[in-house]
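A quick write-up on the structure given underneath.
What follows is calculated from the coordinates using simple rules that are stated; it is not laboratory data. These figures come from a predicted structure and were not determined experimentally. We place every Cβ from the backbone using ideal geometry, glycine too, and count neighbours over all the protein chains shown.
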Amino acid sequence: MKISANVSLLFKEFPLLDRFGAARRAGFDAIEIQSPYAESAEDLRRAAADAGLPVVLINAPTIAKTHPTGFAGRPEMRDQFRSQIPMVAEYADALNAQCIHVMSGPALAAERDACLRTYADNLVFAAGALEGRQVVTEFINPHDMPGYLNDSLPTALDILKRCGGQVRLQFDLYHAARTGLNIEQELSACLAQVAHIQFADSPGRQEPGTGTTDFAGLLKMLASSQYPGYLGAEYNPAAGTSEGLHWLPAWREEFS
């Protein structure tokens, strides 16, 4: 079982570059970063190398003030999205990041079709430009992010179909729980299309053991399916990160 620490949410008691070493000391196998662009690619590469941990996932940029949930699905921003891909490539290459998550951004009901077409076109463009990296899309539940374009598993699977196999799914167990899915059943059914899995307990989006998600059953299913990827810890710690890591050695002991 390979478990990555999302250092955009975990170890926030440290500066970003120091979170790599904290993740290694805590026993994580890898790093993922929602937004690495405030630091130089070289500084991040050095921090990862010093910690001896691979970076398995980064997000494409968003615009904090105006488009915090991304803009790859916005028809009027097609050129702006595509202009940022060389920077994404620079960071992905420096960090040897395996997966690039591209957020769709919002869409009103009347514009969903146009936004879905734009999003799929931009995902395919990114996949071609980032050859050698896996572009992924993630559905995000509408309770946490109202109006988000990719808001359900059926929508995500439709987007993958539109992309003709060039894009894969980032499946977040938390968002699946918040959309009311039978997580084990639905994840098992689409696992061949999944490149990366993230987790947090539901409904609070905190560490495992703080909510109602049956992680034991999910982990057994993934073990029996020989899922080859990473499980990304992307949650908001209930207290400090280290104080809430009781689940990590327990998972290692049961499923190693």
Let me check I've understood the local charge: for VAL124, count other residues with C-beta under 15 angstrom from its C-beta, Lys and Arg +1, Asp and Glu -1. What total comes out? +4
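If the viscosity is 0.890 mPa s and the temperature 25 °C, what Stokes-Einstein diffusion coefficient in µm²/s follows for the stretch 1-94 when Rh is the Kirkwood radius over Cα pairs? If you can, show how the numbers build up before the last one.
Working: Rh = 14.1 Å.
Roughly 174 µm²/s, to the nearest whole number.
Add +1 for every Lys or Arg and -1 for every Asp or Glu among the other residues with Cβ under 14 Å from the Cβ of LEU187, and state the total. Mind showing how you got there, number by number?
Numbers: positive: ARG168, LYS220; negative: GLU138, ASP172, GLU184, GLU186, ASP214.
Overall, the nearby charge balance is -3.
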Ranked list, fewest to most other Cβ atoms within 10 Å of each Cβ, for VAL102, VAL167: VAL167, VAL102
About the Cα centre of the stretch 67-255, what is the dipole size in debye to 20, counting +1 per Lys and Arg Cβ and -1 per Asp and Glu Cβ, all else neutral? 420 debye
Looking at [x] 68, 41, 33; [y] 54, 44, 31; [z] 48, 42, 32, which value of Cα extents along the principal axes in Å comes from a calculation on the structure shown? [z]
Residues VAL124, VAL55, sorted so that the one with the fewest Cβ neighbours within 10 Å comes first: VAL124, VAL55
Here, ASP18 and SER224, labelled 7 Å along Cα→Cβ, have an inter-label distance in nm of 4.5 nm
So what is the 222 nm mean residue ellipticity for the chain from helices alone, if each DSSP H run of at least 4 adds -39500 (n - 2.57) and you divide by all residues, rounding to the nearest 500 deg cm²/dmol? -11500 deg cm²/dmol
